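Asks: The following block contains the structure, expressed as structure tokens.
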Amino acid sequence: MTEVLPPTTVAAPDDPVREAAVTWIAQASLLVVEGADRARFLNAVVTQDLAGLGPGGGAYGALADDRGHALSDFRVYAGEEFLLLELPVAASEPVYGALERLVVADDVRLGWSELGMVAVESADAARAVLALEAAGAPAACEVAWLAAPEPGLYAPAGAAGPVPGMVLRASRLGAIGAALTIARADAPRALELAAGAGAVAAGRALVSRLEIEAGCPGIETEFARAGVLPELGLAGAVSFDKGCYPGQEILNRLRTRGRLQRRLAGVILEDSGGEAWSGAELESPDSAGARAGSPGSEGAPAGTVTRAAYSPSLRATVALAFVRRDFWEPGTELAARKEGGRTTARVARLPFVEYRGKGAARSPWLAAEET
């Protein structure tokens with residue numbers, strides 16, 4: 001993603017989501033699903049129950065293969081005559097191929113929208129609305145509507161397909177979020193206008209750090225290293241009450257009889273190196289040499305860091321990591337090792353930063369309390 005930081009961007013405080021609004025050009029593709037059988041077809045092949053999804057509604061889900069491996073998560077929005085899937089760019093072609101193979105005798109048409117998206121996220125719905133309106137969102141985008149916890153779609157009346165000016169309500173960083181559909185060529189200017197209204201225009205590094213703080217898995221990092229979907233958490237993406245879909249047997253077996261051997265967890269590292277700890281190996285600090293900090297000593301393998309960043313909000317390096325069952329309890333002390341360097345690490349509950357307060361709906365990508 002091109003970093004667009006125009007001169008009007010306000011200086012980012014320690015936590016720009018809490019103190020202002022963050023806006024960025026979303027690295028996402030929009031897949032349009034049309035045809036008379038679109039709702040029945042999609043409900044039959046994804047992990048989420050979409051049976052009650054009506055125009056203006058939305059949901060968070062995932063697509064898995066027959067072995068329970070997650071191809072991607074997605075957000076789906078319902079228009080009057082279409083469904084719209086918001087997918088990570090890197091997952092676009094695999095998801096399209098998987099869906100296309102499943103279309104047999106269904107009246108279903110798949111196609112890509114040429115629209116881009118400018119995303120906005122804030123802990124305060126009013127700030128998010130100001131940024132969206134500055135970027136070109138219609139006045140119909142109201143504070144109360146944006147603050148609703150579930151995904152939703154605003155589309156101009158009579159829109160038979162995706163058009164510029166739609167608002168896709170969904171949190172992407174654990175706060176209050178939405179994305180404005182826009183011609184791709186117009187996205188940098190829209191980002192600049194939003195920044196002029198007080199938002200922080202974010203580049204790739206800031207968005208990745210905020211995703212880590214929110215415990216949100218990335219398609220090219222955590223998804224690429226996952227075995228089965230439950231390793232990623234994604235508790236809000238899976239329905240265990242709906243009919244059959246690819247991977248359902250595996251997911252149900254893991255839920256009722258199986259035991260995951262590792263899962264995505266948060267880790268706080270004592271060293272302030274931030275991103276430099278991405279890819280580090282985690283191990284137990286059991287050996288005498290490890291306790292003494294000797295680079296040549298090793299403890300028992302405990303997991304692998306996928307992404308790390310220095311968090312000004314927490315004044316510490318925070319990371320997402322796949323952690324083995326024996327070590328994933330929050331508070332467990334570990335050691336992180338990379339290229340001869342070693343630092344103390346501690347397992348933490350995700351997310352690192354919460355914006356919606358106690359009693360609010362959990363971000364759907366977070367793990368269930370017990371897996």
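Values quoted throughout were computed directly from the atomic coordinates according to the rules given, and no laboratory measurement underlies them. No experiment lies behind these values; they were computed from the predicted model shown. All Cβ positions, even for glycine, are placed from backbone atoms using ideal geometry, and neighbour counts span all protein chains on display.
Asks: With viscosity set to 0.692 mPa s at 37 °C, what whole-number translational diffusion coefficient in µm²/s follows for the range 37-177 from Stokes-Einstein and a Kirkwood radius over Cα pairs? Walk me through the numbers before you get to the answer.
Replies: Numbers: Rh = 15.9 Å.
The calculation lands on 206 µm²/s.
Asks: Could you work out which residue, out of Ala185, Ala21, Ala195, moves most in a Gaussian network model of the chain, that is, has the largest mean-square fluctuation with Cα springs under 10 Å?
Replies: Ala185
Asks: Follow-up. Classify the range 261-354 as rounded, prolate or oblate, taking a ≥ b ≥ c as the square roots of the eigenvalues of its Cα gyration tensor: rounded when a/c is under 1.5, otherwise prolate if a/b is larger than b/c and oblate if not. Intermediate values should be presented prior to the final figure.
Replies: Values: a/c = 1.81, a/b = 1.27, b/c = 1.43.
In terms of gyration-tensor shape, oblate.
Asks: In the range 43-100, which GluC sites (Glu not before Pro) are in a loop and have at most 11 other Cβ atoms within 10 Å, using DSSP for the loop call? Could you put the intermediate results ahead of the total?
Replies: Values: sites: Glu80, Glu81, Glu86, Glu100; in loops: Glu80, Glu81.
Here no GluC sites (Glu not before Pro) fit, given the DSSP loop and packing criteria.
Asks: Still on this model: Share of antiparallel DSSP beta bridges in the chain, in percent to the nearest 5?
Replies: The antiparallel proportion sits near 95 percent.
Asks: What translational diffusion coefficient, to the nearest whole µm²/s, does the chain have by Stokes-Einstein, given a Kirkwood radius computed over alpha-carbon pairs, a temperature of 20 °C and 1.002 mPa s viscosity? Could the numbers behind the result be given before it?
Replies: Details: Rh = 21.3 Å.
In µm²/s, the coefficient rounds to 101.
Asks: Just tell me the longest site-free run in the chain, where the sites are trypsin sites (Lys or Arg not before Pro) in a DSSP loop having at most 12 other beta-carbon atoms within 10 Å.
Replies: 68-256
Asks: Continuing with the same structure: As a test of the definition: which semi-axes, in Å, follow for the range 9-101 when you take the square root of five times each eigenvalue of its alpha carbon gyration tensor? Largest first, please. Each step should come with its number before you reach the end.
Replies: Numbers: eigenvalues 169, 56, 30 Å².
Square roots of five times the eigenvalues give 29, 17, 12 Å.
Asks: Based on Cβ point charges of +1 for Lys and Arg and -1 for Asp and Glu, what charge dipole magnitude is obtained for the range 16-214 about its Cα centre, in debye rounded to the nearest 20?
Replies: In total the dipole reaches around 360 debye.
Asks: Using only Cα atoms, locate the centre of the range 227-275 and the centre of the range 39-65, then give the distance between them in Å, rounded to an integer.
Replies: Using only Cα atoms to place each centre, the spacing works out to 19 Å.
Asks: Out of the GluC sites (Glu not before Pro) in the range 320-371, which ones are loop residues according to DSSP with at most 15 other C-beta atoms within 10 Å? Write out the running numbers ahead of the final one.
Replies: Details: sites: Glu333, Glu339, Glu354, Glu369, Glu370; in loops: Glu339, Glu354, Glu369, Glu370.
Within the range 320-371, the qualifying GluC sites (Glu not before Pro) (loop, at most 15 other Cβ atoms within 10 Å) are Glu339, Glu369, Glu370.
Asks: Work out, in µm²/s and without decimals, the Stokes-Einstein translational diffusion coefficient of the range 124-182 at 20 °C, 1.002 mPa s, Rh from Kirkwood over C-alpha pairs. Please report the intermediate quantities before stating the final value.
Replies: Values: Rh = 11.4 Å.
The estimated diffusion coefficient comes to 187 µm²/s.
Asks: While we're looking at this one, here's another question. What residue among Pro162, Pro351, Pro246 shows peak mean-square fluctuation when the chain is described by a Gaussian network model with Cα springs under 10 Å?
Replies: Maximum among the listed residues: Pro246.
Asks: A further question follows. Return one quarter of the surface area of the convex hull spanned by the alpha-carbon atoms of the range 78-134, equal to its mean projected area, in nm².
Replies: That works out to 5.9 nm².
Asks: If you don't mind, another one. Is it possible to state the helix-based mean residue ellipticity at 222 nm for the chain, with each DSSP H run of 4+ residues giving -39500 (n - 2.57), the sum divided by total residues, to the nearest 500 deg cm²/dmol? What is it?
Replies: Values: 10 runs with 76 residues, N = 371.
Rounded to the nearest 500, it is -5500 deg cm²/dmol.
Asks: If you don't mind, there's one more thing I want to ask. If each residue of separation counts as 0.36 nm, what is the full-extension length gain between Ala368 and Gln261 once their alpha-carbon separation is subtracted? Walk me through the numbers before you get to the answer.
Replies: Values: separation 107, 0.36 × 107 = 38.52 nm, distance 1.52 nm.
Answer, rounded to one decimal: 37.0 nm.
Asks: Taking the Cβ of Arg253 as the centre, find all other residues whose Cβ is under 12 Å away and add up their charges (Lys, Arg: +1; Asp, Glu: -1). Write down the numbers at each step before the final one.
Replies: Working: positive: Arg67, Arg255, Arg257, Arg259; negative: Glu249.
Charge balance near Arg253 sits at +3.
Asks: Something else about it: Which part of the range 51-68 falls in the paramagnetic zone of Ala144, meaning amide N under 20 Å from the point 7 Å along Cα-to-beta-carbon?
Replies: Within reach of a label on Ala144, which here means backbone N under 20 Å from a point 7 Å along Cα→Cβ, the range 51-68 contributes 56-58.
Asks: Can you sort Ile219, Ile176 so the residue with the fewest Cβ neighbours within 10 Å comes first? Working shown, then result.
Replies: Working: Ile219 20, Ile176 27.
Ranked by crowding around the Cβ, least crowded first: Ile219, Ile176.
Asks: What number comes out for the charge environment of Asp326, summing +1 per Lys or Arg and -1 per Asp or Glu over other residues with Cβ under 14 Å away?
Replies: Details: positive: Arg259, Arg262, Arg263, Arg324, Arg325; negative: Glu283, Asp286, Glu329, Glu333.
Local net charge: +1.
Asks: Report ³J(HN,Hα) in whole Hz for each residue of the range 188-205, in order, from the Karplus equation J = 6.51 cos²θ - 1.76 cosθ + 1.60 where θ = phi - 60°; Gly and Pro get x.
Replies: The phi angles translate into x, 5, 4, 4, 5, 5, 5, 5, x, 8, x, 7, 9, 6, 9, x, 4, 5 Hz.
Asks: Here is a follow-up. Run through the range 131-202 and list the GluC sites (Glu not before Pro) located in a DSSP loop whose Cβ has at most 15 other Cβ atoms within 10 Å. Let's see the in-between values first.
Replies: Numbers: sites: Glu133, Glu142, Glu192; in loops: Glu142.
Passing sites in the range 131-202 are Glu142.
Asks: Something else now. Lys and Arg at +1, Asp and Glu at -1: add these up for the other residues within a Cβ distance under 11 Å of Ala21 and post the number.
Replies: Details: positive: Arg18, Arg127; negative: Glu19, Glu121, Asp124.
Its environment carries a net charge of -1.
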